[in-house]
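Values in this text are rule-based calculations from the coordinates and carry no lab data. Source: prediction; values computed, not measured. Every residue, glycine among them, receives a Cβ derived from its backbone with ideal geometry; neighbour counts consider all protein chains shown.
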Amino acid sequence: MKNFFKACLLRGTPSMVLALGAGFVMASSADIRAALGMGAAVLISMLLTSIVVSAIHKFIPAYAKLPVYLLIITGFVSIIEMVMEAFFPIVVDMLGAHLAALAVSAVIYRDAEEIADHSGEWTSIKAALTTGIFLTVIMVICALIRETLGNATLWGREIAFLANYKVTALAGAFGAYLVLACVLAAIKKLTGAEEHLEGEEHE
Amino acid sequence: MLTVEMILGILLAGLLSDNYALLHFLGTGAVMENERSTKQSVVLGLGTTLVMLITNAICWPLNTYLLEKVPYLQTMIFVLVVLIVVEVLHIIAKKVLDNYCHADFVKFAINGAVLGLCIHNVEHHLSYVETLVTSLGVGLGLMVTMCVFAKIKGEPVDEEAIPASFRGLPIALLTAGMIALALLALNF
């Protein structure tokens, strides 16, 4: 796990990807079911978009890349939304407009435009998997902390011994920022990415 | 019929207690990765507000008269409208403005707040005027948030005072959290 995070961090994933995807990461980190649902949606849409974009990017003129890529992402996000609505309606209710807003997510668009557009299928699939899994892991960690400590529940079920000690601030907007900041700082500390990135800057 | 008090209330909610970027997490990415000066952030924010206004002005009738029968096409049509609006504004900017930034138009299109607002307005069954006022309020709220963050980022910071692992995005998130906490107080 440490090596995986390190690999992500060395590619500059957390600072760039989490800055761009901070919105949906925080929005879905209030409940572990929402985090897993959003994680799956991000991972699948990213993966499918990468495959399609890397396959057809040579036929798309430069001026049409933005609309074409966004419509490809929207198509996949709409399909995922409909499937989730059929099988996991609670998750769709929890995510609200954030699930549809994935269609214009800067993270998925950046992945399509900067990686899938310039490389082959395997490279873009690997990049999409790395980013998607990284974001899912971050969402799940944040959700575990926020749901158990903020709501005293896990997977929607009450944890009796935590009921009297819950920190309600963690369940709200402030909690989302606080937990994500702490998780990101902990990853940086554990992997020593700070020193590496600073070293890179000096070079 | 909307009264002046109601309009002011909706505008203030969009600016403060219902701030999309800080409290709804829509458009947060645009605020967090914004590296521009305060002045450029005002331009970016005004552009986003304009896109929001026009997009919602088109999406409301489309949803009311067309998409009610085909709700599964909602996201696709809304994204298409956003893209068309951004492209038309891009063409106009090319002809009218001497120095415009192409990257700004990409940012308008991939701003989650624009699409999120369209869906929010439709889900809450707002009237046409309410939709437009909400769009204006939310857009201005996003602009103010961008400017606040641009100003904070522009100020000299004693890096040594921040623990090494909290430098960069974590401290920016904590700052946003503090502002969100202050804005939450206005909800009561």
Could you tell me the number of lysine pairs in the range A:61-203 with C-alpha atoms less than 30 Å from each other, where the two lysines are 8 or more residues apart or belong to different chains? 5
Pick from A:Ile138, A:Ile73, A:Ile159: which residue has the top mean-square fluctuation in a GNM of chain A where Cα pairs under 10 Å get a spring? A:Ile159
Fluctuation leader among B:Met143, B:Met178, B:Met32 - chain B, Gaussian network, Cα springs under 10 angstrom: B:Met178
Mean-square fluctuation check for chain A, GNM, Cα pairs under 10 Å: which of A:Phe76, A:Phe134, A:Phe174 is largest? A:Phe174
Using θ = phi - 60° and the Karplus curve 6.51 cos²θ - 1.76 cosθ + 1.60, what whole-Hz ³J(HN,Hα) does each residue of the range A:174-180 get, with Gly and Pro shown as x? 4, x, 4, 5, 4, 5, 4
Using alpha-carbon positions, what is the distance between the centroids of the range B:142-188 and the range A:36-87, in Å? 32 Å
Under the Karplus curve 6.51 cos²θ - 1.76 cosθ + 1.60, θ = phi - 60°, whole-Hz ³J(HN,Hα) for the range B:20-37, x wherever Gly or Pro sits: 5, 5, 8, 9, 9, 6, 10, x, 5, x, 4, 6, 5, 8, 6, 10, 8, 6
Taking 0.36 nm per residue of sequence separation and subtracting the Cα-Cα distance, how much length would be gained by fully extending the chain between B:Ile152 and B:Ile7, in nm to one decimal? 49.2 nm
Using Cα positions and a limit of under 19 Å, work out the aspartates and glutamates in reach of A:Lys58, with same-chain residues fewer than 8 apart set aside. A:Asp111, A:Glu113, A:Glu114, A:Asp117, A:Glu121
Return the long-range amide H neighbours of A:Leu154 (sequence gap of 5 or more, or a different chain), with a cut-off of under 5 Å between placed amide H atoms. A:Ile159
Viscosity 0.692 mPa s, temperature 37 °C, Stokes-Einstein D of the protein assembly as shown from Kirkwood C-alpha radius, µm²/s: 153 µm²/s
Computed over all unlike Cα pairs, the Kirkwood hydrodynamic radius of the range B:68-157 in Å stands at 15.2 Å
Restricting attention to the alpha-carbon atoms of the range A:98-151, what are Rg (one decimal) and Dmax (integer), both in Å? 14.2, 45
Given a Förster distance of 35 angstrom, what is the FRET efficiency for A:Ala163 paired with B:Glu123, based on the Cβ-Cβ distance and rounded to 0.05? 0.60
Taking Cα centroids, how far is the range B:52-117 from the range A:155-187 in Å? 36 Å
Gyration tensor verdict on chain A (Cα atoms; rounded if a/c is under 1.5, prolate if a/b is larger than b/c, oblate otherwise): oblate
Sequence-separation-based contact order of the range B:18-187, relative, with Cα cut under 8 Å and 6+ spacing, percent: 45 percent
Convert each backbone phi in the range A:142-157 into a coupling constant with the Karplus relation 6.51 cos²θ - 1.76 cosθ + 1.60 (shift: θ = phi - 60°), then list the ³J(HN,Hα) values in order as whole Hz, x for Gly and Pro. 4, 5, 4, 5, 5, 6, 6, 7, x, 10, 6, 9, 9, 6, x, 9
